[in-house]
Amino acid sequence: MGLKKITSKVFYYPHQPETDRPMLAYLKGDKIVLAIDAGNSADHVDEFYKSLKIEGLKKPDFTVITHWHWDHTFGMHKIHGLSIAHHKTNEFLKQERAKLSDSAYTKFLINDDECLSREYADNKRIIVVPSDIQFEKELTINLGGITAKIFHTVSPHSEDTVLIYIPEERILFLGDSTSEDFFNDDYMDREKLRTLINLIESIDCKYCILSHTEPLAKSDLLDYLKSILK
(Lines give C-alpha, C1' and ligand atoms only; values in the text may rest on other atoms or scores of the structure.)
Protein backbone atom coordinates (compact mmCIF):
# COMPACT_ATOMS: atom_id res chain seq x y z
CA MET A 1 0.00 0.00 0.00
CA GLY A 2 1.31 3.43 -0.90
CA LEU A 3 0.50 7.12 -0.81
CA LYS A 4 -2.49 8.20 -2.89
CA LYS A 5 -2.83 11.52 -4.71
CA ILE A 6 -5.99 13.64 -4.74
CA THR A 7 -4.46 16.79 -6.25
CA SER A 8 -0.90 17.98 -6.87
CA LYS A 9 -0.84 19.32 -3.30
CA VAL A 10 -3.04 16.87 -1.38
CA PHE A 11 -2.17 13.23 -0.69
CA TYR A 12 -3.32 10.59 1.75
CA TYR A 13 -2.13 7.29 3.16
CA PRO A 14 -5.18 4.98 3.21
CA HIS A 15 -6.93 3.64 6.30
CA GLN A 16 -6.21 0.08 7.48
CA PRO A 17 -9.26 -1.47 9.15
CA GLU A 18 -7.48 -4.56 10.49
CA THR A 19 -5.75 -2.42 13.15
CA ASP A 20 -8.12 0.58 13.01
CA ARG A 21 -5.49 2.80 11.44
CA PRO A 22 -7.14 5.94 10.05
CA MET A 23 -6.26 7.73 6.85
CA LEU A 24 -3.31 10.10 7.28
CA ALA A 25 -3.31 13.16 5.03
CA TYR A 26 -0.42 15.18 3.61
CA LEU A 27 -0.87 18.79 2.51
CA LYS A 28 2.07 19.97 0.42
CA GLY A 29 2.33 23.74 0.65
CA ASP A 30 5.08 25.68 -1.07
CA LYS A 31 6.42 26.77 2.35
CA ILE A 32 4.93 24.41 4.93
CA VAL A 33 3.86 20.76 4.90
CA LEU A 34 0.94 19.85 7.15
CA ALA A 35 -0.11 16.29 8.02
CA ILE A 36 -3.55 15.42 9.36
CA ASP A 37 -3.61 13.01 12.32
CA ALA A 38 -0.72 11.22 13.96
CA GLY A 39 -1.74 7.62 13.55
CA ASN A 40 -2.33 4.96 16.15
CA SER A 41 1.29 3.97 16.89
CA ALA A 42 4.93 4.66 16.17
CA ASP A 43 4.80 1.87 13.58
CA HIS A 44 1.95 3.64 11.79
CA VAL A 45 3.92 6.89 11.66
CA ASP A 46 7.03 5.09 10.38
CA GLU A 47 5.01 3.39 7.63
CA PHE A 48 3.48 6.74 6.59
CA TYR A 49 6.89 8.42 6.45
CA LYS A 50 8.33 5.57 4.37
CA SER A 51 5.55 6.14 1.84
CA LEU A 52 6.52 9.83 1.70
CA LYS A 53 10.17 8.97 1.11
CA ILE A 54 9.26 6.68 -1.78
CA GLU A 55 7.44 9.61 -3.43
CA GLY A 56 10.30 12.02 -2.74
CA LEU A 57 8.25 14.05 -0.27
CA LYS A 58 9.65 15.56 2.91
CA LYS A 59 8.33 14.84 6.38
CA PRO A 60 5.64 17.23 7.70
CA ASP A 61 6.48 20.43 9.52
CA PHE A 62 3.25 20.25 11.51
CA THR A 63 0.65 17.58 12.26
CA VAL A 64 -2.89 18.60 13.21
CA ILE A 65 -5.10 16.26 15.24
CA THR A 66 -8.81 15.81 14.44
CA HIS A 67 -9.76 14.40 17.88
CA TRP A 68 -8.27 12.56 20.83
CA HIS A 69 -9.20 8.91 20.14
CA TRP A 70 -6.32 6.43 20.29
CA ASP A 71 -6.18 5.62 16.59
CA HIS A 72 -5.53 9.29 15.76
CA THR A 73 -3.14 10.21 18.57
CA PHE A 74 -1.08 7.31 19.92
CA GLY A 75 1.58 8.03 17.27
CA MET A 76 2.03 11.69 18.30
CA HIS A 77 5.26 11.02 20.19
CA LYS A 78 6.88 9.78 16.96
CA ILE A 79 5.94 12.51 14.49
CA HIS A 80 8.40 14.86 12.82
CA GLY A 81 7.90 18.57 13.51
CA LEU A 82 5.26 20.00 15.84
CA SER A 83 1.75 18.82 16.66
CA ILE A 84 -1.38 21.00 16.79
CA ALA A 85 -4.59 20.17 18.65
CA HIS A 86 -7.69 21.76 20.15
CA HIS A 87 -7.41 22.48 23.86
CA LYS A 88 -10.12 19.89 24.62
CA THR A 89 -8.09 17.27 22.77
CA ASN A 90 -5.16 17.99 25.06
CA GLU A 91 -7.39 17.73 28.12
CA PHE A 92 -8.53 14.27 27.03
CA LEU A 93 -4.98 13.19 26.17
CA LYS A 94 -3.67 14.27 29.57
CA GLN A 95 -6.45 12.28 31.25
CA GLU A 96 -5.62 9.25 29.11
CA ARG A 97 -1.92 9.52 29.92
CA ALA A 98 -2.70 9.61 33.65
CA LYS A 99 -4.90 6.51 33.33
CA LEU A 100 -2.17 4.67 31.43
CA SER A 101 0.17 5.05 34.40
CA ASP A 102 -1.94 2.25 35.89
CA SER A 103 -0.90 -1.05 34.31
CA ALA A 104 -4.39 -2.46 34.98
CA TYR A 105 -5.90 0.21 32.71
CA THR A 106 -3.38 -0.53 29.96
CA LYS A 107 -4.24 -4.22 30.21
CA PHE A 108 -7.95 -3.37 30.05
CA LEU A 109 -7.47 -1.30 26.87
CA ILE A 110 -5.58 -4.08 25.12
CA ASN A 111 -8.07 -6.75 26.16
CA ASP A 112 -11.09 -4.59 25.33
CA ASP A 113 -10.08 -3.49 21.80
CA GLU A 114 -9.09 -6.16 19.30
CA CYS A 115 -7.56 -3.62 16.91
CA LEU A 116 -5.48 -2.02 19.66
CA SER A 117 -4.30 -5.44 20.83
CA ARG A 118 -3.08 -6.23 17.29
CA GLU A 119 -1.33 -2.88 16.92
CA TYR A 120 0.34 -3.22 20.32
CA ALA A 121 1.19 -6.91 20.21
CA ASP A 122 4.47 -8.17 21.72
CA ASN A 123 4.19 -5.80 24.70
CA LYS A 124 4.77 -2.64 22.66
CA ARG A 125 4.54 0.39 24.90
CA ILE A 126 1.63 2.81 24.59
CA ILE A 127 2.87 6.41 24.74
CA VAL A 128 0.49 9.37 24.99
CA VAL A 129 1.57 13.01 24.73
CA PRO A 130 -0.34 16.31 24.40
CA SER A 131 0.23 18.56 21.40
CA ASP A 132 3.00 21.15 21.12
CA ILE A 133 0.54 23.84 19.99
CA GLN A 134 -3.09 24.19 21.03
CA PHE A 135 -5.90 26.49 19.92
CA GLU A 136 -9.31 27.48 21.21
CA LYS A 137 -11.67 27.99 18.25
CA GLU A 138 -9.87 28.16 14.91
CA LEU A 139 -6.48 28.46 13.33
CA THR A 140 -5.53 29.39 9.77
CA ILE A 141 -2.15 28.41 8.33
CA ASN A 142 -0.84 29.73 5.01
CA LEU A 143 1.08 26.71 3.75
CA GLY A 144 2.16 28.51 0.58
CA GLY A 145 -0.17 28.18 -2.40
CA ILE A 146 -2.81 26.53 -0.22
CA THR A 147 -4.45 27.44 3.07
CA ALA A 148 -5.42 25.16 5.95
CA LYS A 149 -8.44 26.42 7.86
CA ILE A 150 -8.53 24.42 11.09
CA PHE A 151 -11.58 24.78 13.32
CA HIS A 152 -13.48 23.17 16.16
CA THR A 153 -17.07 22.12 15.48
CA VAL A 154 -20.08 20.33 16.93
CA SER A 155 -20.04 16.60 16.20
CA PRO A 156 -21.91 13.53 17.42
CA HIS A 157 -18.61 11.63 17.65
CA SER A 158 -16.44 13.61 20.08
CA GLU A 159 -16.69 17.00 21.72
CA ASP A 160 -13.16 18.01 20.68
CA THR A 161 -13.78 17.43 16.95
CA VAL A 162 -11.69 19.50 14.55
CA LEU A 163 -12.19 19.86 10.77
CA ILE A 164 -9.63 21.05 8.22
CA TYR A 165 -10.75 22.89 5.09
CA ILE A 166 -8.49 23.58 2.11
CA PRO A 167 -10.42 26.20 0.08
CA GLU A 168 -8.06 26.32 -2.90
CA GLU A 169 -8.49 22.56 -3.43
CA ARG A 170 -12.14 22.48 -2.29
CA ILE A 171 -11.40 19.63 0.11
CA LEU A 172 -12.80 19.19 3.61
CA PHE A 173 -11.22 16.76 6.07
CA LEU A 174 -13.78 15.53 8.59
CA GLY A 175 -11.92 12.99 10.73
CA ASP A 176 -14.52 10.74 12.39
CA SER A 177 -16.94 13.63 12.96
CA THR A 178 -19.96 12.00 11.27
CA SER A 179 -19.83 8.82 13.37
CA GLU A 180 -21.67 7.95 16.56
CA ASP A 181 -20.15 8.35 20.03
CA PHE A 182 -18.27 5.11 20.72
CA PHE A 183 -17.76 6.09 24.36
CA ASN A 184 -21.49 6.50 24.95
CA ASP A 185 -22.87 3.12 23.79
CA ASP A 186 -22.57 4.17 20.13
CA TYR A 187 -25.15 6.90 20.66
CA MET A 188 -25.93 9.06 17.64
CA ASP A 189 -26.97 12.56 18.66
CA ARG A 190 -29.26 13.50 15.81
CA GLU A 191 -29.26 17.22 16.61
CA LYS A 192 -25.48 17.37 16.58
CA LEU A 193 -25.47 15.43 13.31
CA ARG A 194 -28.01 17.87 11.84
CA THR A 195 -25.79 20.81 12.87
CA LEU A 196 -22.79 19.12 11.25
CA ILE A 197 -24.74 18.44 8.05
CA ASN A 198 -25.71 22.13 7.84
CA LEU A 199 -22.07 23.09 8.27
CA ILE A 200 -20.89 20.72 5.52
CA GLU A 201 -23.59 22.07 3.20
CA SER A 202 -22.35 25.62 3.81
CA ILE A 203 -18.74 24.86 2.85
CA ASP A 204 -17.65 25.07 -0.78
CA CYS A 205 -15.96 21.69 -1.12
CA LYS A 206 -15.87 19.03 -3.81
CA TYR A 207 -14.44 16.18 -1.71
CA CYS A 208 -15.19 15.19 1.86
CA ILE A 209 -12.49 13.06 3.46
CA LEU A 210 -13.39 10.80 6.38
CA SER A 211 -10.73 8.91 8.30
CA HIS A 212 -11.92 5.34 7.81
CA THR A 213 -13.16 5.25 4.23
CA GLU A 214 -12.17 6.40 0.75
CA PRO A 215 -12.70 10.05 -0.27
CA LEU A 216 -16.31 10.92 -1.02
CA ALA A 217 -18.03 13.50 -3.17
CA LYS A 218 -19.76 16.09 -1.00
CA SER A 219 -23.18 15.18 -2.42
CA ASP A 220 -22.70 11.47 -1.71
CA LEU A 221 -21.74 12.09 1.90
CA LEU A 222 -24.65 14.45 2.48
CA ASP A 223 -27.12 11.99 0.95
CA TYR A 224 -25.86 9.29 3.31
CA LEU A 225 -25.94 11.51 6.40
CA LYS A 226 -29.43 12.77 5.65
CA SER A 227 -30.64 9.18 5.30
CA ILE A 228 -29.62 8.62 8.95
CA LEU A 229 -31.99 11.38 10.03
CA LYS A 230 -35.01 9.92 8.24
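The values are calculated or read from the model by the stated rules, or taken from the named source; none is laboratory data. All of these numbers come straight from a predicted model, not from anything done at the bench. Cβ: placed from backbone, ideal geometry, glycine included. Neighbour counts: every protein chain shown.
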* Asked: If you go through the range 138-156 one residue at a time, do you hit one that is surrounded by fewer than 16 Cβ atoms within 10 Å (Cβ to Cβ), part of a loop (DSSP other than H, G, I, E, B) and acidic (Asp, Glu)?
  -> no
* Asked: Which numbered condition trips up Ser227, out of (1) of a type in the set (Ser, Thr, Tyr); (2) more than 27 Å from Asp30 (Cβ to Cβ); (3) touching a Ser or Thr at 6+ places or on another chain (Cβ under 9 Å)?
  -> (3)
* **Sole exception among (1) exposed (fewer than 13 other Cβ atoms within 10 Å of the Cβ); (2) over 15 Å from Thr89 (Cβ atoms); (3) of a type outside the set (A, V, I, L, M) for Phe183, by number** => (2)
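Looking at the range 31-59, which of the residues that are of a type in the set (Val, Ile, Thr) and assigned to a helix (DSSP H, G or I) is farthest from Tyr13 (Cα to Cα)? Break it down into steps so the answer makes sense when it comes.
To start, the set of residues in the range 31-59 that are of a type in the set (Val, Ile, Thr) comprises 32-33, 36, 45, 54.
Those left that are additionally assigned to a helix (DSSP H, G or I): 45, 54.
Values: Val45: 10, Ile54: 12 Å.
Top of the filtered list is Ile54.
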* Asked: Pairs, please: C-beta under 7 Å, at least 6 apart or cross-chain, first residue at pLDDT below 95 and in the range 100-111, second in a helix (DSSP H, G or I) and of a type in the set (A, V, I, L, M, F, W, C)?
  -> Leu109/Leu116; Ile110/Leu116
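Within the range 28-37, restricting attention to residues that are in contact with a Phe, Trp or Tyr (Cβ under 8 Å, 6 or more places away or on another chain) and surrounded by 23 or more Cβ atoms within 10 Å (Cβ to Cβ), which residue is nearest to Cys115 (Cα to Cα)? Write out each step before concluding.
Applying the first criterion (in contact with a Phe, Trp or Tyr (Cβ under 8 Å, 6 or more places away or on another chain)) to the range 28-37 yields 28, 32-36.
Subsequent filtering for residues that are surrounded by 23 or more Cβ atoms within 10 Å (Cβ to Cβ) retains 34-36.
Details: Leu34: 27, Ala35: 23, Ile36: 21 Å.
Residue satisfying both the conditions and the ranking: Ile36.
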* Structure fact -> Exception for Leu196 within (1) farther than 30 Å from Asp113 by Cβ; (2) surrounded by 20 or more Cβ atoms within 10 Å (Cβ to Cβ) falls at (1)
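Only residues that are in contact with a Lys or Arg (Cβ under 6 Å, 6 or more places away or on another chain) and either surrounded by 15 or more Cβ atoms within 10 Å (Cβ to Cβ) or farther than 20 Å from Leu34 by Cα (or both): list them for the range 160-180, please. So that I can check it myself, show each step before the final result.
Restricting attention to the range 160-180, the residues satisfying the condition of being in contact with a Lys or Arg (Cβ under 6 Å, 6 or more places away or on another chain) are 160, 165, 170.
Listed by number, the residues that qualify are Asp160, Tyr165.
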* Asked: Which strands (runs of 3 or more DSSP E) sit wholly inside the range 157-226 and have at least 1 residues that are farther than 19 Å from Phe11 by Cβ and in contact with a strand residue (DSSP E or B) (Cβ under 9 Å, 6 or more places away or on another chain)?
  -> 162-166
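If only one of Asp122, Asp132 is in contact with a strand residue (DSSP E or B) (Cβ under 6 Å, 6 or more places away or on another chain) and more than 24 Å from Asp204 (Cβ to Cβ), which one is it? Before the answer, list the steps.
On the way: Asp122 fails: in contact with a strand residue (DSSP E or B) (Cβ under 6 Å, 6 or more places away or on another chain).
The match here is Asp132.
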* Might you check whether a residue that is touching a Gly at 6+ places or on another chain (Cβ under 6 Å) and either crowded, with 17+ Cβ neighbours inside 10 Å or within 17 Å of Gly175 (Cα to Cα) (or both) occurs anywhere in the range 52-65? => yes
